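Heads up, the thing below is written out as structure tokens.
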Amino acid sequence: MCGIVGAVSKRDIVPLLIEGLQRLEYRGYDSCGVATFTNGELRRARSTERVSQLAETVKAEKLIGYTAIAHTRWATHGAPETQNAHPHFSAKGGSAPRFALVHNGIIENYETLRTRLQDKGYQFESQTDTEVIAHLVNDCYDSDLLEAVKLAVGQLKGAYAIAVFCRDEPHRIIVARDGSPLVVGLGDQESLLASDALALAGAAKQVMYLEDGDVADLQTEHIWIFDRSGQLVTRPQHPLLAHSAAVELGPYRHFMQKEIFEQPRAVADTLDDITGVTSEWFGDGAHAVFTTIDRVLILACGTSYYAGLTAKYWIESIARIPVSVEIASEYRYRDSVPNPSTLVLTISQSGETADTLAALKHAQSLGMGYTLTICNVQSSAMVRASKLNFITRAGVEVGVASTKAFTTQLTALFLLALTLADAKGKIDSEEEIRQFHSLRHLPSAITAVLALEPQIIAWSERFASCENALFLGRGLHYPIALEGALKLKEISYIHAEAYPAGELKHGPLALVTDQMPVVTIAPNDALLEKLKSNIQEVRARGGELYVFADADTHIKPAEGMHVIRMPEHYGLLSPILHTIPLQLLAYHTACSRGTDVDKPRNLAKSVTVE
């Protein structure tokens with residue numbers, strides 16, 4: 001959520017910033033803007049439409065500049081209106097704007113600062129916490145922008161990544177971060193910055209990831225970085241590949257559809273170099289950690305949380321290690337009992353999810369030093385903060401509703417379950433080989449499930465007219481039911497709930513009518529007969545069932561019961577295969593309802609605020 005791009009250059013940098021914002025659209029936003037230094041004055045364009053509309057405005061107003069910052073905003077303080085869009089300006093006493101600033105994060109003490117600044121004569125045009133920072137920098141300014149930013153951020157409480165420039169020092173941008181990601185990089189006679197390195201691909205060949213507390217001074221051909229104590233420091237440089245066609249839509253209608261169909265490749269890439277079960281895939285020292293720990297604590301949010309719930313079944317069943325799964329945003333705010341022999345496992349697509357990152361640091365502060373992150377971004381803050389890591393290879397995921405990131409997380413988690421079982425001596429070699437071969441066969445199995453799309457499209461036309469839906473699963477398929485319900489509500493705006501099927505009689509059965517479809521996951525596992533009884537409970541109340549059933553379950557279509565047969569039962573890996581049709585159902589239902597599939601309202605891709 002929220003994207004920042006900026007640069008100091010010897011050329012007109014505005015087109016590059018617009019392109020950078022377009023690459024960050026996947027993060028979710030409801031307004032956007034760009035500010036430049038042009039002909040001795042600060043100018044800006046802002047919009048509550050898409051970046052493409054902002055680009056038209058920039059072109060019409062001939063907005064150019066060698067120093068510029070740009071932003072996509074996901075509203076927190078203040079509605080998504082033009083006056084609340086970034087960049088924000090600061091002036092005093094009716095003078096021309098002197099400072100331009102963009103900000104990701106949340107400032108917790110903004111009300112106190114706002115009152116103090118108003119008493120000093122600063123006039124506020126927005127309801128945002130960001131405008132407070134702009135005026136605070138102005139108030140601290142005494143001919144040196146770097147020193148003004150240092151003084152200003154020292155008064156902030158909360159999370160921030162900011163970029164600011166001043167009319168009086170037009171060839172300089174100062175940036176700072178604490179709790180929100182920010183990268184800087186050198187291009188050809190220009191210095192660049194962004195909240196996501198993807199925005200700089202093709203312009204910067206090397207980037208540096210700022211650490212919490214860093215303040216950086218960007219000038220045309222040099223970047224100086226200062227740590228929290230004010231000391232000049234260097235940060236490791238990381239190569240940045242040129243912009244990849246992976247973020248182009250190609251022949252697909254939406255990025256979500258493209259990413260659903262990329263899952264066989266994403267899973268294959270995630271397993272590409274892996275030839276067997278060994279701890280080394282999780283980092284140096286992983287074997288010693290895996291043989292030492294006696295329990296696992298999983299911390300995650302949203303879709304990643306559901307991946308963690310699935311992993312609990314796998315790890316406890318295969319490795320016989322007790323597992324707790326916590327919603328990261330809740331974990332750090334309650335009294336918990338730390339165990340230094342616990343493996344703290346964080347799961348995140350971006351590796352920058354604010355709540356999960358904070359929960360990881362909280363666990364570490366309690367003395368739990370065995371940490372592992374499963375993530376799709378090698379350079380992310382969560383990966384850097386963890387002792388061990390496993391990087392999935394889903395590639396760039398543009399759609400806000402996660403698809404291929406989820407299935408690659410599940411792939412990595414199943415591999416982890418096998419690896420922990422091997423380290424603990426809980427699995428014999430024959431069973432280990434059998435399960436690993438099943439894992440390697442996943443891409444082909446997923447491809448077969450994708451072939452069900454025409455049947456699912458027919459179902460989606462019925463779902464499009466509904467306002468409520470119920471999803472049922474049992475055992476290790478219950479988290480998949482949760483994920484299916486989440487996907488439907490995220491992109492189609494249909495209210496959907498998921499329940500363990502055995503809980504029907506404890507309340508949800510009261511909701512069942514012929515107007516609320518009941519989606520049921522029916523694998524041929526040990527709970528099948530129990531599930532069939534739950535199906536009959538729904539039918540007896542006149543409910544309309546939509547069942548994804550394995551071929552050998554003997555569940556047949558009948559009045560009030562629609563059945564799509566899965567190609568094969570896949571044992572412990574069945575949850576991954578049953579995820580695919582639920583994604584397709586949500587996608588095609590949303591298409592039938594005409595919603596903005598890739599950018600659902602009110603949501604963002606990388607949630608970098610609490």
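The values are calculated or read from the model by the stated rules, or taken from the named source; none is laboratory data. Only a predicted model underlies this, so the values are computations on that prediction, with no experimental measurement involved. In this analysis, Cβ positions are derived from the backbone assuming ideal geometry, glycine residues included, and neighbour counts consider all displayed protein chains.
Tabulated data
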{"item": "All positions within the range 118-155 that are surrounded by fewer than 20 Cβ atoms within 10 Å (Cβ to Cβ) and closer than 17 Å to GLY213 by Cβ", "result": "LEU146, GLU147, LYS150, LEU151, GLY154, GLN155"}
{"item": "Considering residues of the range 80-113 that are farther than 29 Å from THR38 by Cα and not aromatic (Phe, Trp, Tyr) only, the residue nearest to the chain's Cα centre (by Cα)", "result": "ILE106"}
{"item": "Residue in the range 288-296 that is touching a Leu at 6+ places or on another chain (Cβ under 9 Å) and farther than 14 Å from LYS424 by Cα present", "result": "no"}
{"item": "Residues within the range 183-220 that are among the charged types (D, E, K, R), buried (at least 20 other Cβ atoms within 10 Å of the Cβ) and within 19 Å of SER350 (Cβ to Cβ), tallied", "result": "1"}
{"item": "Members of the range 486-522 that are crowded, with 20+ Cβ neighbours inside 10 Å and closer than 21 Å to TRP314 by Cβ", "result": "LEU486, ALA498, ALA501, ILE521, ALA522"}
{"item": "ASN138 vs. criteria under 15 Å from ILE4 (Cα atoms) and either of a type outside the set (Phe, Trp, Tyr) or within 31 Å of the chain's Cα centre (by Cα) (or both)", "result": "no"}
{"item": "Residues within the range 458-470 that are under 17 Å from ALA549 (Cα atoms), assigned to a helix (DSSP H, G or I) and not small (Gly, Ala, Ser), tallied", "result": "1"}
{"item": "Candidate set from the range 393-452 (those that are in a loop (DSSP other than H, G, I, E, B) and over 21 Å from the mean Cα position of the chain (by Cα)); member that is surrounded by the most Cβ atoms within 10 Å (Cβ to Cβ)", "result": "ILE427"}
{"item": "Residues being without any contact (Cβ under 8 Å) to a residue 40 or more places away in the chain and either part of a strand (DSSP E or B) or touching a Pro at 6+ places or on another chain (Cβ under 6 Å) (or both) - total across the range 44-76", "result": "3"}
{"item": "Output for the range 105-117, where each listed residue is closer than 13 Å to LEU156 by Cα and surrounded by 18 or more Cβ atoms within 10 Å (Cβ to Cβ)", "result": "GLY105, ILE106, ILE107, TYR110, LEU113, ARG114"}
{"item": "Criterion (closer than 30 Å to GLU25 by Cα and modelled with pLDDT of 85 or more) met by exactly one of TYR587, TYR546", "result": "TYR587"}
{"item": "Every pair of residues 6+ apart whose Cβ atoms lie under 6 Å, when the first sits in the range 115-128 and is of a type in the set (Lys, Arg) while the second is part of a loop (DSSP other than H, G, I, E, B) and at pLDDT 90 or above", "result": "none"}
{"item": "LEU16 vs. criteria in the same structural domain as ASP129 (by TED's automatic domain parsing), at pLDDT 85 or above and not β-branched (Val, Ile, Thr)", "result": "yes"}
{"item": "Some residue of the range 514-522 being assigned to a loop (DSSP other than H, G, I, E, B) and in contact with a Gly (Cβ under 8 Å, 6 or more places away or on another chain)", "result": "yes"}
{"item": "Candidates TYR478, TYR499, filtered to the one that is of a type in the set (Phe, Trp, Tyr) and assigned to a helix (DSSP H, G or I)", "result": "TYR478"}
{"item": "Single condition SER90 does not satisfy, out of (1) touching a Phe, Trp or Tyr at 6+ places or on another chain (Cβ under 8 Å); (2) over 20 Å from GLU125 (Cβ atoms)", "result": "(2)"}
{"item": "Residue in the range 158-171 that is without any contact (Cβ under 8 Å) to a residue 12 or more places away in the chain and either under 25 Å from ILE107 (Cα atoms) or more than 21 Å from the chain's Cα centre (by Cα) (or both) present", "result": "no"}
{"item": "The range 523-533, residues that are assigned to a helix (DSSP H, G or I) and either modelled with pLDDT of 85 or more or surrounded by fewer than 16 Cβ atoms within 10 Å (Cβ to Cβ) (or both)", "result": "GLU529, LYS530, LYS532, SER533"}
{"item": "Test set (1) within 20 Å of GLU25 (Cα to Cα); (2) surrounded by 17 or more Cβ atoms within 10 Å (Cβ to Cβ); (3) in contact (Cβ under 8 Å) with a residue 60 or more places away in the chain - VAL277 fails condition number", "result": "(1)"}
{"item": "Unmet criterion (only one of (1) aliphatic (A, V, I, L, M); (2) in contact with a strand residue (DSSP E or B) (Cβ under 8 Å, 6 or more places away or on another chain); (3) more than 15 Å from VAL102 (Cα to Cα); (4) in a loop (DSSP other than H, G, I, E, B)) for ALA79", "result": "(2)"}
{"item": "Residues of the range 122-141 satisfying the condition of being touching a helix residue (DSSP H, G or I) at 6+ places or on another chain (Cβ under 7 Å) and in a loop (DSSP other than H, G, I, E, B)", "result": "TYR122, PHE124, GLU125, SER126, GLN127, THR128, ASP129, TYR141"}
{"item": "Some residue of the range 25-43 being at pLDDT 90 or above, within 32 Å of the chain's Cα centre (by Cα), surrounded by fewer than 23 Cβ atoms within 10 Å (Cβ to Cβ) and not in a loop (DSSP other than H, G, I, E, B)", "result": "no"}
{"item": "Where GLN536 falls short, out of the listed (1) closer than 19 Å to ASN468 by Cα; (2) without any contact (Cβ under 8 Å) to a residue 60 or more places away in the chain; (3) over 26 Å from the mean Cα position of the chain (by Cα)", "result": "(1)"}
{"item": "Count of the range 545-593 residues which are surrounded by 24 or more Cβ atoms within 10 Å (Cβ to Cβ), in a strand (DSSP E or B) and of a type in the set (Phe, Trp, Tyr)", "result": "1"}
{"item": "Residue count for the range 362-378, restricted to those that are closer than 17 Å to TYR209 by Cβ and either surrounded by 18 or more Cβ atoms within 10 Å (Cβ to Cβ) or modelled with pLDDT of 95 or more (or both)", "result": "4"}
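Conditions tested, residue by residue: (1) at positive phi; (2) among the β-branched types (Val, Ile, Thr).
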| position | (1), (2) |
| --- | --- |
| LEU232 | no, no |
| GLN263 | no, no |
| GLY285 | yes, no |
| ALA288 | no, no |
| ILE315 | no, yes |
| ILE321 | no, yes |
| SER324 | no, no |
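For every residue, the table says whether it meets (1) more than 17 Å from the chain's Cα centre (by Cα); (2) modelled with pLDDT under 95; (3) in the same structural domain as ALA307 (by TED's automatic domain parsing).
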site: HIS554; (1), (2), (3): yes, yes, no
site: PRO557; (1), (2), (3): yes, yes, no
site: HIS562; (1), (2), (3): yes, yes, no
site: GLU568; (1), (2), (3): yes, yes, no
site: GLY571; (1), (2), (3): yes, yes, no
site: PRO581; (1), (2), (3): yes, no, no
site: PRO600; (1), (2), (3): no, yes, no
site: THR608; (1), (2), (3): no, yes, no
